[in-house]
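Below is one structure, written out as structure tokens; the observations come after it.
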Amino acid sequence: MRATASVRLRVNRIDHQLVVEPRLLLVHALREHLGLTGTHVGCDTSTCGACTVHTDGRAVKSCTVLAVQVEDSEVTTIEGLARDGQLHPLQEAFWNDHAVQCGYCTPGMIMAAAALLDENPDPSESEVREALEGNLCRCTGYHNIVRAVLDAATQKSGTVAAESEVRA
């Protein structure tokens, strides 16, 4: 008989109660228990960043976090970035700037970039590159990825400015 633990968490604005083995990694809870397969398993050693999600607003590599460690936390996956049927500015920019090749690293890249833009809405190219250091892509030279993040920052700040003008 295996030991189990009950875990309450909120994933992509939906409350969940899971019964899991205490040693289950968050990445596997998301994929196997909740069917959120956008979070990829790349290396299981926190090297590649393909499993990056947000917990309570911070980017974390979900292959290094146990599901029981996020009890009562807010988790956002790549599936949760879109709102009301509209892609997140980063998702749009990755599409528009051809910042994908095979796409395996893309969810983790976008989640790491989203955390950067939440902290620094107007990053420099070097700040983008530094923020993405923990996310590996084997297919691209990162040029289009960095450009997409910078374009999303511009689009996001333009959206915020436009919304402020409407309110005024």
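Please go through (1) in contact with a Gly (Cβ under 8 Å, 6 or more places away or on another chain); (2) within 15 Å of R13 (Cα to Cα) for L30 and return the number of the only condition it doesn't satisfy.
Among (1) in contact with a Gly (Cβ under 8 Å, 6 or more places away or on another chain); (2) within 15 Å of R13 (Cα to Cα), the lone unmet condition for L30 is (1).
Let's see how each residue does on (1) in contact with a strand residue (DSSP E or B) (Cβ under 6 Å, 6 or more places away or on another chain); (2) within 17 Å of T37 (Cα to Cα):
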residue: A59; (1), (2): yes, no
residue: S73; (1), (2): yes, no
residue: L87; (1), (2): no, no
residue: P107; (1), (2): no, yes
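Just wondering, is there one or more residues in segment 12-26 that are assigned to a helix (DSSP H, G or I) and modelled with pLDDT of 95 or more?
Taking segment 12-26 and keeping what is assigned to a helix (DSSP H, G or I), we get 26.
Going one step further and asking which of them are modelled with pLDDT of 95 or more, we end up with 26.
Checking segment 12-26: at least one residue is assigned to a helix (DSSP H, G or I) and modelled with pLDDT of 95 or more.
Please find, within segment 87-128, the residue that is modelled with the lowest pLDDT out of those that are more than 16 Å from the chain's Cα centre (by Cα) and within 19 Å of C51 (Cα to Cα).
Among them, the one singled out is Q101.
Which residue pairs have Cβ atoms under 7 Å apart, sit 6 or more places apart or on different chains, and have a first residue in segment 43-61 that is in the same structural domain as E71 (by TED's automatic domain parsing) and of a type in the set (D, E, K, R) and a second that is modelled with pLDDT of 95 or more and surrounded by fewer than 22 Cβ atoms within 10 Å (Cβ to Cβ)?
These pairs meet every condition: D56/S73; D56/E74; R58/A115.
Determine if segment 56-79 includes at least one residue that is hydroxyl-bearing (S, T, Y), over 23 Å from K156 (Cα atoms) and touching an Asp or Glu at 6+ places or on another chain (Cβ under 8 Å). Show your work before the answer.
Of the residues in segment 56-79, the ones hydroxyl-bearing (S, T, Y) are 62, 64, 73, 76-77.
Pick out the ones that are also over 23 Å from K156 (Cα atoms) and you get 62, 64, 73.
Of the ones still in play, those that are also touching an Asp or Glu at 6+ places or on another chain (Cβ under 8 Å) are 73.
Within segment 56-79 (the criterion being hydroxyl-bearing (S, T, Y), over 23 Å from K156 (Cα atoms) and touching an Asp or Glu at 6+ places or on another chain (Cβ under 8 Å)), the answer is yes, since at least one residue qualifies.
The values are calculated or read from the model by the stated rules, or taken from the named source; none is laboratory data. It should be emphasised that the depicted structure is a prediction, and the values quoted were computed from it without experimental measurement. Because the Cβ atoms are built from the backbone with ideal geometry, glycine has one as well, and the counts that use them run over all protein chains shown.
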